[in-house]
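Inspection log for the structure reproduced underneath, given as structure tokens.
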Amino acid sequence: MPTLTPIVGSSQLRQDIETPLTALETTFGTALYLYSRSGDSISGKTVGQDYVTFRYKSTDLVFAVCDGVGQSFVGELAARILGDGLVDWLWQIEAPVDASSFSQAVKEALDKLAETSARQVADFQLPAHLPPIVVQALEMQRRYGSESMFVAGRLALAEPDPWLALCWLGDSPVAAIDIEGELMDLGPKGHTSERWNATTGVKGTIHTWTGSARRVARVAGYTDGLGLERAPTDAELARLMSEWKTSPPSDDASLFDVRLAPSPQTIGKPEAAPFQADDTRPIILTEELRTPVTSLQPLVDVPAGPSTLEGWRPLGEKEQSTEEKPLRAPSGAAADLSAQQQIRVWQQAALLGLTSAALAMLMLERLIVEQEE
């Protein structure tokens, strides 16, 4: 029998190194998680913009998988603030009355979170080594804010009425599978235009699903960097880990996947008797799929280098000032540039390869609209 983890635990996956597929055996089932930066981030020795965090005890689990928006100001910052805020809030809630009221409650909580996170965005110190043109571009982004999409959930598994509450914003995939191995209908997938802004709050509709967890076998939230249209099987996860050792994903990829009972969608069709609805045994992974094993090593054997976060550490470890500081306007030359000058800065940054073409085009469109208004 596997050794069970302590009754209470939590984790915040680092954004500056890879976390290979890892299995966590708990009293309620098996949780798997992974984190990989994109190939560009690995070669450039910069942080990834995804973020995974979770918390659990004997009958409860909360998780958040966040996908920072690269076209915003330091998207990994919003992802971390959002993930930690969601886990803290979801850990305390009671069973929602219905999906609609839960959606409204999530929106109110995230709008309230923006009241404090706005200061973190305003006070965030950019690395001193950045070229002046990049600093100007980032200071202009700061005014727009730092953004992230997310998938998050709370599983409350105490009898007699175990329940599940899921919420998501943006296009990060989320899936739930029942004990027969059938995908549960969670409603419409989100859209990339939906995201949380650490300065202004929620943009778009918070999608939610709530209901009984009694017949739920699996819940998975992940980012589109996995490149899969559906929740992956164990064999697919093993294949991705093997491929990423030599060819990392083109986009940041992360996953949190909890299995409450065996499911044909996850481990294939059973050869023996079919699973029963009350079969809530933890999934026991085979030795070939258990992690970490030799086939599931860290993606690259390269130490993390300098990043836009100037040395990673959980946001909760940041020293808190006892003085209230006013939100400051963007500093430096960028604050005094006209819209036309800002357009030239973005054009030059794109031509010199100091920012992505997609980000430059987005900012140019905004500046042109501002000029016309």
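Structure notes:
- Filter result for residue 223 (β-branched (Val, Ile, Thr) and farther than 19 Å from residue 29 by Cα): yes
- Looking only at the range 195-226, and only at residues there that are within 24 Å of residue 145 (Cβ to Cβ) and aliphatic (A, V, I, L, M), the one that is surrounded by the fewest Cβ atoms within 10 Å (Cβ to Cβ): 202
- Subset of the range 248-270 that is polar (S, T, N, Q), surrounded by fewer than 24 Cβ atoms within 10 Å (Cβ to Cβ) and outside any helix (DSSP H, G or I) - its residue that is modelled with the lowest pLDDT: 263
- Whenever a residue of the range 119-145 is under 13 Å from residue 74 (Cβ atoms), its partners that are basic (Lys, Arg) and surrounded by 20 or more Cβ atoms within 10 Å (Cβ to Cβ), lying with C-beta atoms within less than 7 angstrom and at least six residues away or across chains, give the pairs 121/142.
- Residue in the range 1-15 that is closer than 26 Å to residue 145 by Cβ and either part of a strand (DSSP E or B) or among the small types (Gly, Ala, Ser) (or both) present: yes
- Enumeration of residues in the range 16-40 that are outside any loop (DSSP other than H, G, I, E, B), at pLDDT 90 or above and among the hydroxyl-bearing types (Ser, Thr, Tyr): 19, 22, 33, 35, 36
- Residues satisfying the stated conditions in the range 46-66, i.e. of a type outside the set (A, V, I, L, M), touching a Lys or Arg at 6+ places or on another chain (Cβ under 9 Å) and buried (at least 22 other Cβ atoms within 10 Å of the Cβ): 48, 49, 50, 51, 53, 63, 66
The values are calculated or read from the model by the stated rules, or taken from the named source; none is laboratory data. All values reported here derive from a predicted model rather than from experimental measurement. Glycine gets a Cβ as well: all are built from the backbone with ideal geometry, and neighbour counts include every protein chain shown.
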